[in-house]
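Notes follow the structure.
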Amino acid sequence: MQRVYRALTLFGAVILLGGILFRSIERLDWFDAFYTALLSVTPLGHGLMPPLSRAGRELNAFLLVCGVGVVGYAASIATRFVFEGEMGRVFWRRKVERRIGRMEGHYVVCGHGRVGRTVAEELGRHGVPFVIIERSEEAVRERIARGEDVILGDATSEGVLAQAGIERAKGLVAALESDADNLYVTLTARESNPGIRIVARTSDDTASARLKRAGADRTIAPTQIGGREMVQHLLMPAVVDFIHLATGKQNVELEMQEIHVLPGSSLCGVPFSESPIRREHGVIVVAVNKAAGESIFNPESSYVVDEGDTMICLGHPDRLAAMQRLARP
């Protein structure tokens, strides 16, 4: 789209220059001067050209040469715009902008490198709405082809984050290559939306501490996590296989989810021994995170569920979905 604007600007500049020079050389009024300049840059209009002096004819020849080049450039841009899909991408971007404008409680993924691509795939697998911000046109075209909501721009720009609906978003992933960029994104996002949950990519512990001070809820160092997992595969392969079985996309019979117990839920005030969690739904509660920050691993059957608890549960996706409904008022 910028190339189209550039071609139109160049064409307008030639007409403007020609009109000013024709008025100066031929003593024409403004309308006739610009009309003559317009005829000069379009070869088909030379039969309508008014009588000109020698200087006027020289200017006419100069504008004709310029006009052929400008019109040819504009025609090539228009052809690409129509036939190479740029028009479709423009319409797609406008459609995406309208859709993002209606989003609430979505997630914003900043960066579409190796980490950001994996994040987007996982969010898509869980069926949650998300918006990708990416500065690479090639990556943006790839996501457009997949029908995803993507914005071409710099995620460190406050205006681009606002375009992604950061004020209404539920979470943000800062997955840019630079720690400094992720720090700036975190600061801007936290200022725009104090309640948003932010997970930021980092390269080392020093940057992690800065990101947390800036407002990141969690920081992830992909290289460190990858190294730890490789060691776990060596030393505890059965444990790792079970975790992948419980959380990976290859298994549709078993999932691990967070279930937030809201005020007014039928689960509140009921011990596990009397709750339908285990008895009716067969869901395993691996841990409970209390609202005050305490974590209880493998809670006993006598544990009484409180409002605000977050239960880490393992079970069949359909039964977990039923538990999610029970956890709401």
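Placing pseudo-labels 7 Å out from each Cα toward the beta carbon at Leu10 and Lys95 gives an inter-label distance of 3.1 nm. Within the listed set Val286, Val108, Val140, the Gaussian network model of the chain (springs between alpha-carbon atoms below 10 Å) gives the highest mean-square fluctuation for Val286.
Across region 286-311, the residues whose backbone nitrogen lies under 20 Å from the label position 7 Å along the beta-carbon direction of Leu262 are 289-292, 305-311.
Note on Ser192 and Lys212: the model spin-label points, each 7 Å out from Cα along the C-beta direction, lie 2.6 nm apart. First select every other residue whose beta carbon is under 14 angstrom from the beta carbon of Thr188; then total the charges, Lys and Arg +1, Asp and Glu -1. Charge balance in the 14 Å sphere: -4.
To the nearest 0.05, what FRET efficiency results for Arg325 and Val239 with a Förster distance of 41 Å applied to their C-beta separation?
Working: r = 31 Å, r/R0 = 0.77.
After rounding to 0.05, the efficiency reads 0.85.
Report, in debye and to the nearest 20, how large the dipole of the chain comes out about its Cα centre when Lys and Arg carry +1 and Asp and Glu carry -1 on their Cβ. Mind dumping the intermediate values first?
Numbers: 38 positive and 39 negative charges, 212 e Å.
Charge dipole, the chain, about its Cα centre: 1020 debye, nearest 20.
In the elastic network of the chain, a GNM with C-alpha springs shorter than 10 Å, the most mobile of Glu158, Glu280, Glu177 is Glu280. Multiplying the residue separation of Ala162 and Asp29 by 0.36 nm and subtracting their alpha-carbon distance yields 43.1 nm.
Here the calculated FRET efficiency for Asp318 and Ala180, from their Cβ-Cβ distance with R0 = 56 Å, stands at 0.80, rounded to the nearest 0.05.
Dipole magnitude for region 239-326: computed about the Cα centre from +1 point charges on Lys and Arg Cβ and -1 point charges on Asp and Glu Cβ, it is near 140 debye.
Grab the DSSP H runs of the chain that are 4 residues or longer, score each as -39,500 (n - 2.57), total them, divide by all residues and round the 222 nm result to the nearest 500 deg cm²/dmol.
Details: 13 runs with 173 residues, N = 329.
Value at 222 nm, helices only: -17000 deg cm²/dmol.
Computing Cα Rg over 2.2 N^0.38 Å directly from the structure and comparing it against (i) 1.29; (ii) 0.95; (iii) 1.54 singles out (iii).
Taking 7 Å steps out from each Cα toward its Cβ at Glu138 and Arg278 produces label points 5.4 nm apart.
Mean-square fluctuations from a GNM of the chain, with a 10 angstrom spring cutoff on Cα atoms, peak among Gly227, Gly293, Gly113 at Gly293. Projecting the Cα atoms of Gly282, Leu172, Val304 onto the charge dipole of the chain, computed from C-beta unit charges around the Cα centre, puts Leu172 farthest toward the positive end.
Where a number appears in this text, it was derived from the coordinates with a stated rule and is not lab data. Just so it is clear, the structure is predicted and the values come from calculations on it, not from any experiment. Every residue, glycine among them, receives a Cβ derived from its backbone with ideal geometry; neighbour counts consider all protein chains shown.
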